Amino acid sequence: MGTTGGRSVAAWTARAAGVLAAAALLTACGSGSDDETSGDGDGGATTLSLWHYYGTPDTPTGAALQGLLDRYEEEHDGVTIEARHIPFGDFTRTLLQSAAGGDLPDIALINGFTTQALADAGVIQDLSDRVDEWGEADRYFETGWQTTQVDGATYAIPHVADAYAVYYNETMLAEAGLEPPTTWAEMQDHATQLSDGERYGLAFSGIEGDEGATALVIRLLAAGGDPAQLDSEAGVTALTQFSDMIAGGAVSNGVLTWNEEDVKNQFANGQAAMMINSATYLSVLAEENPELQWNVALLPTDAQASTFLSQENLAISTSTENADAAWDVIAWMQQPDVLAEYLPERNKLAARDDVDTGDDPVRAIFAEQLQQAWAPEGDLAAASSEVLTRIQGALQAAAGGGASPADAVAEAQGQIDEALANVE
Amino acid sequence: MTTTLNEPGTANRTPPVRAPRRARHWGDHLFVVPAVVFVLATVLYPLVFNIDLSFRDVGVGEIVTGGAEWVGWENYADQLGRDEFWHALVISLLYTGLAVAVAFALGMALAVYFNQRFPGRNIMRSLLLLAWILPTVVSANVWRWMLDGSYGLINTLLEAVGLLDGDLFWLARPVPALFAVVFATAWSFTPFIMILLLAGLQGIPDTLYEAAKIDGAGAWRRFTSVTMPLLKPVNLTALLLCFISTFKTFDTVFLMTRGGPGEATMILPIYAYNEAFEFFRFDTGAVATTLMLVVPLGLSVFYFRSLRREEAA
């Protein structure tokens, strides 16, 4: 009897061990896959991991980056770069979660405005010594370079820059006998004249969240305002004009639901005579809508000439074992001749002043606009996502929620002050 | 003599015939180990981690490096003192209540309809399930396009029947946006409710309806006096499951409005997401998600109590 019982226990123990081993194997499979992407391989071969939000290699933006990485691999024997695309909306969250789990990539291509937050979180490392040795810091435009600075140290290198300007439909403006607007009063006047019930005069993104604040920030900067001080004369002027344009039909109420891609589609379909957008859509518009006659002009200027900076930075993670190899990739990607080839493919602008940008007049307008770019600094940079979200909230409240512009900016200012006070 | 018949260590009080059964029971329990490991790793650990996080001062600096200071109930006090939190809770309850009511009414109507026998019934039932099977990212984006003010199908239809003149941007106005996300959510939950209720309806014996008919009960009377009382446990289950799923819904609303316009559709999951992953206030995000547990938990207790009463009756 005892013998039978013993065999039974042994059999069940063996089965249980099998189940546990299977479970352990599954767990190992789940966590082990990323480990292959870092660390020195055999025979001096190095595999680097790079995370970005540009798109998969079958998209125009993802293909341009992949082409750049392929070129690096061709020129550097024994180095493999494994790129991983994470959608923009999930990117920062994924990095932070991965950092908490100790599983970061070697290189991260991050948004300029989140650089400070990621440095504060200990996700990316201080590159000051490498940058000093490199000696190319003074080649970069001041505003863009500032996005890489945290407490006097350099935590990233600008990868590419972008700025917002006015795209306009040449046919529609010519039919109305108009030139591109140079002041915001002209912009409102033109947009009103160009709207006819079927199409709107001007389109921009006003969607919920920080993306939808860009146009209002641009208008506020032109009036001489400061995004940290929305409750000001400039803030009320900017918001009043935007609300009036929406109420009067010069701008569609739909801007409150449009992201920048939607805005591009409205412009491409002839639903909007002008749009405020970045250089990202230059080739897309040319390739997808060859019959559309359009051009680009500088943003209107009132008290000052300003645009909103859009920038991506390259950073090295704190947990990498391949920091030297990662730095080599970053420095190579920033060589002027490499950028000169890459930037037109990517529809972006150089973040430094020694890149030959060719003689394309449209790109020249964007490059000129970039000289006037604004980006948040200091506490405003650390809280930029929340502050911009509150600014979009003011636009929404005034344009769609029935609040007066003065009440909307006062309400948003309270939230902005709270956000800035929360910065540690 | 008796001692020699037993293996060492086995006492007389244990009859030898029971030994294998006992061993088998012990062995059977091993099969639960992977499930326990899974639950511990994917449910209990994140839950405890989240609750722990809600009692600490965790900003962007502490989430990775650790060393967050324990602050007791301070985060909860802060959160409960914020108007935005209460606004999100009210919107969440309003959104969930309305979506469940609409989904339940539609689901019940469809279940009663499909409980009758007619040709093509099974095909139509399967087709209706598509709304439930469709990934949310698809259905939410389809609704977003259909509700677009310029080229959306809904506006085109309303204009065709003369109910609308000009563009109406549903998702740019607070009240229409709330109704839009409520309807889109209800639309995706309706087939699920229908299937549950249909299963319940098919369990009601025809003889009861025949008896009620003989007693002179009309269709409405048969529905209120036979169908509804007998469906009560199924109704409760369907309502509870639908309420819990809707209360924690994130994707539909996020994809359609991101919580806007303004704060019009700012439900608690989006509020918590914004706090944690947009504004990097992980502690207040954790507080919001922990407090979010209270509503479904309270409902579950109520549900199990009423089920027990039903069973006792």
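The values are calculated or read from the model by the stated rules, or taken from the named source; none is laboratory data. Since we're looking at a predicted model, the values are computed, not measured. No Cβ is skipped: glycine too gets one built from the backbone with ideal geometry, and neighbour counts run over all protein chains shown. With ligands, DNA and RNA removed, areas are computed over all heavy atoms of the protein, side chains included. Shrake-Rupley method; radii C 1.70, N 1.55, O 1.52, S 1.80 Å.
For region B:135-168, a tally of residues being within 14 Å of chain A (Cβ to nearest Cβ), open to solvent by 60 Å² or more (accessible area, probe 1.4 Å) and either modelled with pLDDT of 90 or more or under 29 Å from the mean Cα position of the chain (by Cα) (or both) returns 2. Among residues of region A:252-263 that are over 13 Å from A:ALA399 (Cβ atoms) and at the interface with another protein chain (Cβ under 10 Å from one of its Cβ atoms), those with a beta-carbon under 9 Å from a residue that is part of a helix (DSSP H, G or I) and among the aliphatic types (A, V, I, L, M) at least six positions away or on a different chain give the pairs A:ASP262/A:VAL255.
Determine, yes or no, whether B:LEU178 is buried (at least 17 other Cβ atoms within 10 Å of the Cβ) and either closer than 20 Å to B:LEU106 by Cα or in contact (Cβ under 8 Å) with a residue 40 or more places away in the chain (or both). In short, yes.
The condition (being in contact (Cβ under 8 Å) with a residue 60 or more places away in the chain and within 14 Å of chain A (Cβ to nearest Cβ)) is satisfied by just one residue among B:LEU198, B:LEU128, B:LEU171: B:LEU171.
Among the numbered conditions (1) closer than 20 Å to A:GLU233 by Cα; (2) at pLDDT 95 or above; (3) more than 14 Å from chain B (Cβ to nearest Cβ), the only one that A:TRP332 does not meet is (1). Scanning region A:167-214 for residues that are of a type in the set (Val, Ile, Thr) and either closer than 13 Å to A:GLN241 by Cβ or touching a His at 6+ places or on another chain (Cβ under 6 Å) (or both) yields A:THR183, A:THR192. In region A:349-377, the residues that are farther than 25 Å from A:GLY224 by Cα reach residues that are modelled with pLDDT of 90 or more and open to solvent by 70 Å² or more (accessible area, probe 1.4 Å) with C-beta atoms within less than 6 angstrom, at least six apart or across chains, in these pairs: A:ARG352/A:ARG139; A:ASP354/A:ARG139. The single residue among A:ALA397, A:ALA408, A:ALA383 that is within 8 Å of chain B (Cβ to nearest Cβ), at pLDDT 90 or above and either at positive phi or buried (at least 18 other Cβ atoms within 10 Å of the Cβ) (or both) turns out to be A:ALA397. Listed by position, the helices (runs of 4 or more DSSP H) inside region B:211-313 whose residues that are surrounded by 14 or more Cβ atoms within 10 Å (Cβ to Cβ) and within 14 Å of chain A (Cβ to nearest Cβ) number at least 2 are B:251-257, B:268-273, B:282-292.
Check region B:47-59 and report whether any residue there is within 22 Å of B:GLU278 (Cβ to Cβ), open to solvent by less than 70 Å² (accessible area, probe 1.4 Å), within 12 Å of chain A (Cβ to nearest Cβ) and out of contact with any helix residue (DSSP H, G or I) (no Cβ under 9 Å at 6 or more places or on another chain). There is no residue in region B:47-59 that is within 22 Å of B:GLU278 (Cβ to Cβ), open to solvent by less than 70 Å² (accessible area, probe 1.4 Å), within 12 Å of chain A (Cβ to nearest Cβ) and out of contact with any helix residue (DSSP H, G or I) (no Cβ under 9 Å at 6 or more places or on another chain).
You will find that of A:GLU321, A:GLU341, the residue that is among the charged types (D, E, K, R) and part of a helix (DSSP H, G or I) is A:GLU341 and no other. Is it the case that region A:244-260 has a residue that's among the charged types (D, E, K, R) and under 30 Å from A:PRO60 (Cβ atoms)? Yes: one or more hits.
Just one of the listed residues (A:ALA403, A:ALA410, A:ALA394) is over 21 Å from A:VAL251 (Cβ atoms) and either hydrophobic (A, V, I, L, M, F, W, C) or in contact with a Ser or Thr (Cβ under 6 Å, 6 or more places away or on another chain) (or both), and it is A:ALA410. The set of residues in region A:245-266 being of a type in the set (Ser, Thr, Tyr) and open to solvent by less than 10 Å² (accessible area, probe 1.4 Å) consists of A:SER252 alone. For region A:366-373, the count of residues that are in a loop (DSSP other than H, G, I, E, B), away from chain B (no Cβ under 14 Å) and at positive phi is zero. Scanning region B:29-42 for residues that are away from chain A (no Cβ under 11 Å) and open to solvent by 80 Å² or more (accessible area, probe 1.4 Å) yields a total of 1. Answer yes if at least one residue in region A:211-218 is within 15 Å of A:PRO405 (Cα to Cα), among the polar types (S, T, N, Q) and more than 14 Å from every other protein chain (Cβ to nearest Cβ), and no otherwise. There is no residue in region A:211-218 that is within 15 Å of A:PRO405 (Cα to Cα), among the polar types (S, T, N, Q) and more than 14 Å from every other protein chain (Cβ to nearest Cβ).
Scanning region A:100-117 for residues that are hydrophobic (A, V, I, L, M, F, W, C) and either more than 12 Å from chain B (Cβ to nearest Cβ) or open to solvent by 10 Å² or more (accessible area, probe 1.4 Å) (or both) gives A:ALA100, A:LEU104, A:ILE107, A:ALA108, A:LEU109, A:ILE110, A:PHE113. One residue alone among A:ASN295, A:ASN269, A:ASN289 is open to solvent by 10 Å² or more (accessible area, probe 1.4 Å) and touching a Phe, Trp or Tyr at 6+ places or on another chain (Cβ under 8 Å), and that residue is A:ASN295.
For B:ARG13, the conditions (1) more than 14 Å from chain A (Cβ to nearest Cβ); (2) at pLDDT below 90; (3) open to solvent by less than 100 Å² (accessible area, probe 1.4 Å) are fulfilled apart from (3). Taken over region A:83-117, the criterion of being among the aliphatic types (A, V, I, L, M), closer than 14 Å to A:LEU314 by Cβ and assigned to a helix (DSSP H, G or I) is satisfied by A:LEU95 alone.
Give me the residue from region A:120-145 that is of a type in the set (Gly, Ala, Ser) and at pLDDT 90 or above and, out of that set, farthest from B:PHE280 (Cα to Cα). My answer is A:GLY135.
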